[in-house]
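Data first, discussion second: the structure below is written as structure tokens.
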Amino acid sequence: MYSSEEIEKKRLLALQKKAQKLQQLENKVPEKRKLSSSPITTHKPKQPRIFNTINPDNFFGKSESFKINCVMITEDRFQIEASYNQELIKLFYKISSKKYDPKTKWWNFHIDDYNNLLQDIKMVFGTKIIISSIPPFVLQTFRVNLRQKSDEKLHISIEDKIDKTLLSQLMPFQKEGVMYGIKNNGNCIIADDMGLGKTIQALGIAHYFQDDWPLLIVTPSVVRYQWSEAIFRFLPSIPAQHVFQFTNGKDCLGSERVTIVSYDLLARHIQTFENKVFGFLIIDESHSLKSFKTERTKSVKKIATQARHVLLLSGTPALSRPIELYSQLSFVCRNFMKVHDYGVRYCEGQQNAFGWDFKGASNIRELQLLLKSTCLIRRMKGDVLKQLPDKIREVVILDPGLIKVATKEMVAMAAHLQKTNGIERHGLLLKYYAESCQQKVLAVGNYIKNLVEKQNKFLVFAHHEYMLTKICNILNKSKIIYVKIDGKTKAEDRKVFVDKFQECDSCLVAVLSITAANAGITLTAASLVVFAELYWNPGTLCQAEDRVHRIGQKNSVVIQYLIAKGTVDDFLWPLLQSKTEFLADAGLNQNFSFSETELTHQKLTGEDLALSESIDKQKTLNDFVISQELQINMEKKFSYPMNEVPQTSTFNSELTSESMKDENSSLLTVVRPSIPENLGQLLDDDDSSFADFDLASIS
């Protein structure tokens, strides 16, 4: 809609153009000779009419609009972000709660003055000012919280309503989590760090509201049996026959008090579950619902809208972007913001030719406050478990001599990546990821073989079936007892394998899939974790690490990442760092940082060294030169801040260093590969972007 001033300007411009057209027509019309008795009569040319043209911009005086952004900075104060304006400052001085921050150079005020201040600003500036205001839902949330804090603290007695067996095993911070959930009427997100016992807290909250049961637990299929075990262990007052595992479409829902179902089965048989009203809903690993457009999320939403209490559990509530939190927040916060309002406010929403893009981040500080004030409680291991052993990360640079030289097909594939779009581009990237797996398999196998000689328990994670199989072959040849858990492992077998690794001293190795075994299992019998391959999501890697670094671990945990230069690792490593920094800015730090990661190199002896030398001799001179340059740069530095990535138009693995450190230093500092812009964007996609591909089958 146009303002009255803009309408007047357009009217004046139209009149001016019309007058100019009339003048041009009159000048072109030839003059008719007038009859005169005098033969020498002359006629002066007709003078054109002069119009006093009006400049619409100057008619009302030139006006410049400016923007201000209102944002919450604490639970009771908001801040106005705007460029300097004398009239605006005069209004600020009239507010008694005003405060000036010399660091940010912005003014902030008490939330009670919000409406009056904005009303005064609109009266003074009118249409000259564009205000990005605080959403009504957010404003109301903080105001309600202030009123509740001013009231007397609510005393809740849980001893009579929660099973004593469970209460006796709660740690102090876990009891605090149970109380938080009860005060929120069972509608909240427990986002504690992995390994801090979210399951026992969830069961405690649910048992407090048992009068509203039946209880439905929605969980990944691989951990559904662990939930029934936890119920039998912590809630012995619930008879075993009242706990039901929904395993296929032939099952019928009866009078069971507790039903456990996987995400996929719920989506497939949603009509069966819609016919029964569940008063309490627990959603485990709720970050699986990060996309509100998937059938899985839509199915859970149908059940959540009927439930009185919805409790979400997630160790990684925001895997990559704030928009991934929206569906989870909408489950536990009744009358939550609409997705468009949320996206514009917190996801730096931008409208383009294809619609709205909500992949960014904005007003993160306010979002963090909103989460804390409404429904989310999050504790990190370092905050609540001071006695928990340290986690030490190491980067192991695999021997270049055992890394296969990139084939012509891979080089062509990398070049083709720059010219493709959409699904074809994703497919090429995944194939390049798989090819890199084959490049490093020999070096990884050599490293694993040396590890097993030490006779210490350890976990080894990989992504591709090809890599997992090769590792198992090496263990078989070495006659090592091991367990393997991947996407093909049945849920009931997982528990058998986990118990075997935990209880059997002779079982030394657990070979695990990064995506299939990164959650829901405890493997604290080991204190060493090896990643044979990287993965593009830091949350997934952190979950995998914490299969060992959790309650019950008595030793310091060592995490080793095996890196092969000249492969996709050159791009995945910096990507992981950039995503980790983003999560930290959002207040969702996962203790996943490489700022003090130790750098080591694969050591070869005997036959392995000879093999490396023989492979190295087969390289061409060009391959040798490139490898040496890469090795020198990689040895100097390997990690770096993502915001300094130089953009290039060609695909290469050459590394550039921006700051030098002592060559003998073992800490990773600032170094980066030159990342092609398109490839960097591809690697920044989340798991949902690759949903149409069978990742494990690419080999």
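Taking a Cβ cut-off of under 15 Å around Q306, the surrounding Lys, Arg, Asp and Glu residues balance to a net charge of +4, with basic ones at +1 and acidic ones at -1.
Counting every other Cβ atom within 10 Å of each residue's Cβ, I189, I303, I551 order from fewest to most as I551, I303, I189.
For segment 164-383, the gyration tensor built on C-alpha atoms gives an oblate shape. Its axis ratio a/c (a ≥ b ≥ c) is at least 1.5, and a/b is not larger than b/c.
Here the dipole of segment 164-383 is about 160 debye; that uses its Cα centre as origin and unit charges on the Cβ of Lys and Arg (positive) and Asp and Glu (negative). Electrostatic bookkeeping for S478 treats Lys and Arg as +1 and Asp and Glu as -1; over the other residues with beta carbon under 10 Å from its beta carbon, the sum is +2.
Cβ crowding within 10 Å ranks L166, L428, L146 as L146, L428, L166, fewest other Cβ atoms first.
Each other residue within a Cβ distance under 15 Å of V548 adds +1 if Lys or Arg and -1 if Asp or Glu, for a net charge of +2.
Remark: spin-label model distance N116-K449 equals 7.9 nm, labels positioned 7 Å along the Cα→Cβ axis.
Once the Cα-Cα distance is subtracted from the 0.36 nm per residue extended length, the K21 to Q169 segment shows a gain of 44.3 nm. Fewest neighbouring Cβ atoms within 10 Å first, the residues R334, R257 line up as R334, R257.
Computed from the coordinates by the stated procedures, all read-outs in this text should not be read as laboratory data. Being a predicted model, the structure only gives us computed values, none of them experimental. Every residue, glycine among them, receives a Cβ derived from its backbone with ideal geometry; neighbour counts consider all protein chains shown.
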